[in-house]
Amino acid sequence: MGTYTQRRPDNGHVHLRDLNLETGELLRFMVPYTARQFGRAVCMGNTKPPTETAASAAGYKEQILGFAKEAGCLNFEPVVTLFLTERTTPLHILEAHAAGIVVAKHIPDGVSTNSDNGLADLLTKKNVLATMRDVGMILSVHPEKPGVFCLDREEAYLPTIAETIRLFPRLRIVVEHLTTKAGVEFVVEAPENVAGTITAHHLCMTLDDLISGGCQPHNVCAPCAKRPSDREALWSAIGSGNPKFFFVSDSAPHMRELKECAKGKLGTFTEPFVMPLLVQKFEKRGLLHRLEAFTSEFWARFYGFSLNEDTITLKREPWQIPASYHGVVPFMAGEMLGWQLA
């Protein structure tokens, strides 16, 4: 097989950064990598400042669309998020819904980049969650409990999500970037209005890949990679064909100097080559027949979007992942991939 063609995929979770970061015009460079591969992408709002109002989210969307158009990517739709903070009220939800925003993001305070404005306790915002339920907005959750040992943070946060489900049984919830067997089992057993997402880099890594042979700062992300058994649980979820699990890149660029320092930023950058990487890994696992639904169908159906009508094609041709993209060192920098976008 020299080529591989499938329905154009969507990316359910990506960080594009913005122009207000100290890293400069990173957004201008990042948007085309997403827009050339994906029909839609959920663009996370833990920016500086966060997209905590309908107006700021709409402004962010316009920035993204402008850079996509500048790159010639006219058939791309950014799905921006409302970032939940202590200041969020039901009125913010109603205004966001009226502006066409379909998802709100919860990152517990301090567990990820620019999450210092995040909610300390999701369940203190019951009126906000009730309003989200009533208007049909999706709750996107970063499932890590602050202050817990890193390998246990995901599992420790699952009771909070379980209580949210109990209190708001009709609220649609996405448990983002799963990394543990416990997380996979939680989503499998949860009601049909609860889904889970899986990244390419967590399908590739275990904790060893962060420290084996020396510290690997460009592999360090939040949540961090876990045990081999956890990685196998992610692959098993995909292999089952369960539509509750769908793809996100969670690609999160940081300039080299912000990663290679005494207190490096968290985030793994995969966006320019994430589909070739997935084709290679799925083919090796004998799961290439699962890739199209995982990347192009399950997310759209859960979010209530129509499926993309166009396709992408990859060709079997070896190439080397660059050492840097605009000053950002990517995941697997310098390694060979056997597939590339055609």
Only bridges with both residues in the chain count here: give the DSSP antiparallel percent, nearest 5. 35 percent
Length-normalised contact order of region 141-233, Cα under 8 Å, at least 6 apart, in percent, tallies to 29 percent
For Lys125, give me every one of the lysines with a C-alpha distance below 23 angstrom, ignoring sequence neighbours fewer than eight places off in its own chain. Lys48, Lys105, Lys145
Where only protein heavy atoms count, and the probe is 1.4 Å, what is the accessible area per residue for region 125-284 in Å²? 37 Å²
At a probe radius of 1.4 Å, what is the per-residue accessible area of Glu260, in Å² to the nearest 10? 90 Å²
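If you stretched the chain out fully between Glu62 and Thr313, how much longer would it get, using 0.36 nm times the residue separation minus the C-alpha to C-alpha distance? Provide the component values of the computation, followed by the final result.
On the way: separation 251, 0.36 × 251 = 90.36 nm, distance 2.84 nm.
Here the answer is 87.5 nm.
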Can you send over the solvent-accessible area of Arg36, 1.4 Å probe, protein chains only, in Å² to the nearest 10? 140 Å²
Suppose a student asked you for the relative contact order of region 1-149, using Cα pairs under 8 Å spaced at least 6 residues apart; what percent would you report? 19 percent
Which whole-number percentage describes the relative contact order of region 168-304, with Cα contacts under 8 Å and a sequence gap of 6 or more? 25 percent
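Per residue of the chain, what 222 nm ellipticity follows from adding -39500 (n - 2.57) for every DSSP H run with n ≥ 4, rounded to the nearest 500? Show your work: numbers first, answer last.
Numbers: 13 runs with 122 residues, N = 342.
It lands at -10000 deg cm²/dmol.
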What share of the DSSP beta bridges in region 197-342 is antiparallel, in percent to the nearest 5? 75 percent
In region 296-342, GluC sites (Glu not before Pro) in a DSSP loop with at most 12 other beta-carbon atoms within 10 Å: Glu309, Glu335
Once neighbouring chains are kept in place and the probe is 1.4 Å, which whole percent of the accessible area of the chain is contributed by carbon and sulfur? 52 percent
Cα gyration tensor category, rounded, prolate or oblate, for the chain with a/c compared to 1.5: rounded
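Give a quick list of trypsin sites (Lys or Arg not before Pro) in region 85-147 that DSSP marks as loop, anything other than H, G, I, E or B, with at most 14 other Cβ atoms within 10 Å. Show your work: numbers first, answer last.
Details: sites: Arg87, Lys105, Lys125, Lys126, Arg133; in loops: Arg87.
Those satisfying the criteria are Arg87.
Hand me the GluC sites (Glu not before Pro) from region 164-228 located in a DSSP loop with no more than 13 other Cβ atoms within 10 Å, in residue order please. Can you show the working numbers first?
Details: sites: Glu176, Glu185, Glu189, Glu192; in loops: Glu176, Glu192.
Sites meeting the loop and neighbour criteria: Glu192.
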Taking K and R as +1 and D and E as -1, what net charge do the other residues with C-beta under 12 Å from the C-beta of Ala222 add up to? -2
Inter-part distance where region 121-147 and region 235-292 are each reduced to a Cα centre, Å: 25 Å
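The values are calculated or read from the model by the stated rules, or taken from the named source; none is laboratory data. Predicted, not measured: the structure shown is a model, and the values here were computed from it. Virtual Cβ from ideal backbone geometry, glycine too; neighbours counted across all protein chains shown. Remember, those area values only see protein heavy atoms, side chains included, never the ligands or the DNA or RNA. Shrake-Rupley method; radii C 1.70, N 1.55, O 1.52, S 1.80 Å.
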